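Q: My questions will all concern the structure given below.
No lab work stands behind these numbers, since they all come straight from the coordinates. Quick caveat: nothing in here was measured; it's all calculated off a predicted structure. Here the Cβ positions follow ideal geometry from the backbone for every residue, glycine too, while neighbour counts run over all protein chains shown.
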Amino acid sequence: MILTSRGGPDYGPGPFGLSGSAYPAGVTTPVSGPPRPAASPVDLVRATRSDRAVLSNLGQLYRHDLSEGMGLLPNADGTFNNRRLDAFFVADDPTARGWLIRVAGQTAGFVLTHADDAGGHTGGQVLGDFFVVRALRRTGVGMTAAVAVMRARPGRWTVGFQDYNRGARAFWTRVATAVAGENWSLEHRPVPGKPELPPDSWLTIVDVSAGDLSGTGPATAPSAGDTSR
Ligand SMILES: CC(C)(COP(=O)(O)OP(=O)(O)OC[C@H]1O[C@@H](n2cnc3c(N)ncnc32)[C@H](O)[C@@H]1OP(=O)(O)O)[C@@H](O)C(=O)NCCC(=O)NCCS
């Protein structure tokens with residue numbers, strides 16, 4: 001008799017995350033689930049307002065992921081607010097840019113960036129929102145896409161994240177090291193207007209250089225000169 005279990009790191013050793021003792025004596029636990037989808041090639045496709053449907057849908061998955069750490073519940077209609085994506089759609093920030101991450105031709109995530117005008121800075125970019133679908137996580141897709149987006153616009157980049165978003169710090173420090181070696185810094189900043197929240201972490205990479213994508217997996221770089229919306 002074989003018990004069906006997803007197994008794997010997300011589910012723990014037994015069915016539905018129960019301990020191994022949940023299996024009857026003598027039953028062998030399957031160790032792997034269905035095959036993972038192809039994790040390459042990674043393409044970054046410039047998103048426009050005509051991509052509203054796919055961005056909105058991915059935006060809901062993204063906000064749901066973040067809601068766990070943030071302790072946020074959905075609205076009465078089951079959706080989460082997504083203010084930066086709303087702002088992208090109304091195009092009130094001419095510096096806002098978006099990309100769809102496509103992997104082996106499939107929809108796999110999205111990226112939103114905008115110019116950094118905080119603290120008197122000019123010329124830098126903020127990587128504001130970043131999402132990879134769950135079935136492709138820990139396959140290097142996020143790293144490949146983040147490095148490609150940054151290297152397409154050399155210079156200073158900042159990324160904000162919450163320390164309680166599990167994996168975010170490990171992910172962004174890996175990305176920073178990939179694009180700038182040790183030339184990045186991390187600081188805590190209070191959340192504007194929300195003193196009750198823990199401070200955000202902000203990672204600053206002073207000088208991302210343009211470059212090839214060797215070592216980060218295959219990816220098509222987004223066009224740096226493309227300003228169309
Ligand atoms: C964070 C996120 C973008 C990472 O994407 P990903 O494609 O899984 O990342 P990668 O596979 O490229 O990971 C590269 C490295 O980052 C680190 N890392 C990524 N996710 C991690 C996690 N959950 N825990 C610990 N380390 C992690 C690891 O060092 C990893 O290398 P390894 O798998 O060889 O150990 C993805 O988990 C996601 O979309 N999360 C939900 C939305 C989110 O939190 N976005 C960021 C907002 S600031």
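Q: Quick check on the exposure proxy: order 50, 201 from fewest to most C-beta atoms within 10 angstrom.
A: Exposure proxy ranking, most exposed first: 50, 201.
Q: Would you pull out the residues with amide H under 5 Å of residue 107's amide H, same chain only if 5 or more places away, H placed 1.01 Å from N?
A: The answer is none.
Q: If you don't mind, there's one more thing I want to ask. Compute the signed sum of charges (Lys and Arg +1, Asp and Glu -1) over the other residues within less than 9 Å, Cβ to Cβ, of residue 123.
A: In short, 0.
Q: Now for a separate question. Could you give the length gained by full extension between residue 189 and residue 106, i.e. 0.36 nm per residue of separation minus their alpha carbon distance, to one decimal place?
A: 26.2 nm
Q: Given the Cα-Cα distance of residue 166 and residue 36 and 0.36 nm per residue of separation, how much length would full extension add, in nm?
A: Gain on stretching residue 166 to residue 36: 44.6 nm.
Q: Right, another one. Once R0 is set to 30 Å, what does the formula 1/(1 + (r/R0)^6) return for the Cβ-Cβ distance between residue 73 and residue 52, expressed as a FRET efficiency to the nearest 0.05?
A: Given R0 = 30 Å and the Cβ-Cβ separation, E is 0.80.
Q: How high is the FRET efficiency between residue 84 and residue 210 when r is their beta carbon distance and R₀ equals 30 Å, given to the nearest 0.05?
A: 0.70
Q: Find how many whole Å separate the alpha carbon centroid of region 99-151 from the alpha carbon centroid of region 174-188.
A: Measuring centre to centre over Cα atoms gives 15 Å.
Q: Separate question: I'd like to compare 56-62, 177-183, 127-133, 85-91: which one has the highest average count of other Cβ atoms within 10 Å, and what's the full order after that?
A: 127-133, 56-62, 85-91, 177-183
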